[in-house]
Each structure stands twice: as C-alpha cells, then as structure tokens.
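Student: The following block contains the structure, expressed as structure tokens.
The values are calculated or read from the model by the stated rules, or taken from the named source; none is laboratory data. Please read these numbers as outputs of a predicted model, since none were measured by experiment. Cβ atoms come from the backbone with ideal geometry, glycine included; neighbour counts cover every protein chain shown.
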Amino acid sequence: MKGFLLNLIHFFNNIIISNNAKNTKGFTLAETLLTLGIISIVSAMTLPALIAKWQKTVHVNQMKHTYSVIANAFQMSMQEHGNPKEWDWGADNSKSNLTRVVETYLLPYLSLDTKNTKQPGQYNHYYAARLKNGTTLLFVLDGCTASTCNPISITSLYIIVSAKGNVQPLLHESRDYSREDFILMFDKGNANLTFFNWGGKTREGMKNSSKYACNKNIDKNKRLNCGALIFYDNWEIKDDYPW
C-alpha cells in the first residue's frame, strides 16, 4: 500500500514539476485538480484504517476500565463480607435470588446510573445495571442446574458487559462480542474475576476450539471468547482478530 501511494505521488509530482518548468506563474487548474485528486485518493485509502484503529483503541480502553471497576468492586465486597465461598449465594437461579446476591455483594461498591431487572432470556433471569460511564452490565447466576443437581449449586456470577446499552439475552442476534460486548465471570471458588473462556488456556484454543471461538467463521453474537483473547494478548487487538 505504501509503495503504491508513493509511486502515485511521484507520478503526479513529476507532472506538476514538468508543468511548472513551462509556466512559472503558479499552479494551473489542472495541477490544482491533480493535487486534490491525490489528497482524495490517499484519504479514501487511509481513512478507514485510521477509523478502525481508533475504534479498536476505544474498545480496548473501555474493556480495561470496566474490568478494573468491577474487579475493585469485588475486592471491596470481600473486605466487608469475607471469603466469597461463605457468601449467601442461595440455592436457585431465580430472579429474586439473583437480585439479592447482586444488590448485596456488588452494587453497593459500583458507581451506578440506573438499575432495573429484566425478564428472562437465555438463563431464566437477568439483572441489569448501568454504570455512570454509560456501560451496561447484565448479571446472571450460573452453576449446577436442577437437571443434574439437587439442590441446585450456584458456583459463579456472569456479567455481560455492553458499551452500547444492550440488555438482550446472552446469545441474542444483536450481540457483537468482537466489537461491543464481552463477558466476565466471577467464580466463588477461587474468588477471581476472569473473562469468559470456553476454549482452553492457549491462544489457538480461544480462537478455534469451541462454538464460542473468536474468529470470523463464528457469528458475532457467539464469539464469547473474544474478550479473553484480547486479555491474553495483553490488551491488544491483533491482526488476526475478527474485527
């Protein structure tokens, strides 16, 4: 690309120099149009790349900030409530239990704009809250369900993060986990906040080893591993990322 642009500029520059040698009074209309043409071509070829680079930077910065805010909130909660293993997680994933868990152990330590509960979708019940910076959080409990466990065992809290205010269910077609949304998970067993990752600990696994892999062949609303991939790449969106 750079070589092509340089050759193009040299080509037009030679024309202008040749014309100037014949006419020293100033730029002719043709020379002016040629110059404007160069500017237009260069802008058309470089502007999309610059916009994409800026969008990627914004997305990563929002991810880093939100991750830090939520991680700090859990740290403050643990200072007050102790080990998450000892928290009252309840024994079901009902809306009422989710509301109690979120409002007891997390929301008091976040700077919120508004909050509301959302009726069911992929995981029966969600709880939505908006940070003051405009980021929307959608909470849902996860664990061993009634089909395999009696009683139900709650093991973690999932947090679906949206920069666009999306409160639709986890796999709703409006979700875009490569550019707008990402998922965090707080596991009560290890008291650790991590990015959703269903693909293993390797970069290759995150990109290709599950139905939630982060690659262009997976639908945008199912690229759940993309947040983990950016984190794995040291908060960077690399060239093979499905932007």
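Student: Would you call residue 156 touching a strand residue (DSSP E or B) at 6+ places or on another chain (Cβ under 8 Å) and farther than 22 Å from residue 235 by Cα?
Tutor: Yes.
Student: Quick check on this structure: which one of 204, 173 is loosely packed, with under 14 Cβ neighbours inside 10 Å and not in a loop (DSSP other than H, G, I, E, B)?
Tutor: Step by step, each of 204, 173 is checked, and only 204 is loosely packed, with under 14 Cβ neighbours inside 10 Å and not in a loop (DSSP other than H, G, I, E, B).
Student: Also: Does region 181-201 hold any residues that are closer than 29 Å to residue 134 by Cα, crowded, with 17+ Cβ neighbours inside 10 Å, in contact (Cβ under 8 Å) with a residue 24 or more places away in the chain and not polar (S, T, N, Q), and which are they?
Tutor: Correct list: 182, 183, 184, 185, 186, 188, 193, 195, 196.
Student: Which of the residues that make up region 88-114 are closer than 19 Å to residue 170 by Cβ, at pLDDT below 95 and not in a loop (DSSP other than H, G, I, E, B)?
Tutor: 95, 97, 98, 99
Student: When the residues of region 43-76 are filtered to those that are exposed (fewer than 13 other Cβ atoms within 10 Å of the Cβ), modelled with pLDDT of 85 or more and of a type in the set (A, V, I, L, M, F, W, C), which remaining residue is nearest to residue 183 (Cα to Cα)?
Tutor: By that ranking, first place goes to 58.
Student: Among the residues of region 207-243 satisfying the criterion of being under 14 Å from the mean Cα position of the chain (by Cα) and of a type in the set (Phe, Trp, Tyr), which is surrounded by the fewest Cβ atoms within 10 Å (Cβ to Cβ)?
Tutor: Taking the candidates together, the pick is 235.
Student: Testing residue 218 on (1) hydrophobic (A, V, I, L, M, F, W, C); (2) closer than 19 Å to residue 74 by Cα; (3) at pLDDT 95 or above, one condition comes back false. Which one is that?
Tutor: (2)
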